[in-house]
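Contents: one structure, followed by commentary.
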């Protein structure tokens, strides 16, 4: 243990400030950024080229919008045309159906009229037969009554 007590710590070195290495890195970064800005300015397009590009983009945008509106108007026109065609087809079908229904109704009414005429004829026949039957019955009753009534000459 005495060996440990005899052991001496080495002398402390003076501490260097820690901001010096960071300062060096900051200076190097600033130099690189400055170099990049300078190179970028020299190699970049000038303002006239940028303006020309902006105008070109604006023209292209306008052209695309005009084409889109033209395409839209053409689509609307085509849809309107198709709608009119479909409505005309529907109208023709409805007219054909109405005509067929009208013909069917006319046939049914003719058949009904024919049946009505037949019933009227049959009813007239029944009425005539009934009237004839009533007349015959009346005559027969009169004969029976004449036969059943004693005559005044027979009673005396």
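If the condition is being in contact with a helix residue (DSSP H, G or I) (Cβ under 9 Å, 6 or more places away or on another chain) and part of a helix (DSSP H, G or I), then the stretch 6-65 contributes no residue at all.
Assess whether residue 74 counts as being surrounded by 10 or more Cβ atoms within 10 Å (Cβ to Cβ), free of Cβ contacts under 8 Å to residues at least 24 places away in the same chain, part of a helix (DSSP H, G or I) and out of contact with any helix residue (DSSP H, G or I) (no Cβ under 9 Å at 6 or more places or on another chain).
Numbers: surrounded by 10 or more Cβ atoms within 10 Å (Cβ to Cβ): yes; free of Cβ contacts under 8 Å to residues at least 24 places away in the same chain: yes; part of a helix (DSSP H, G or I): yes; out of contact with any helix residue (DSSP H, G or I) (no Cβ under 9 Å at 6 or more places or on another chain): yes.
When the stated conditions are applied, residue 74 passes them.
Quick note: the coordinates plus some simple rules give every number you see, no bench work behind them. Quantities reported herein were computed from a predicted structural model and do not represent experimental measurements. Counting neighbours? That spans all protein chains shown, and the Cβs are built from the backbone with ideal geometry, glycine included.
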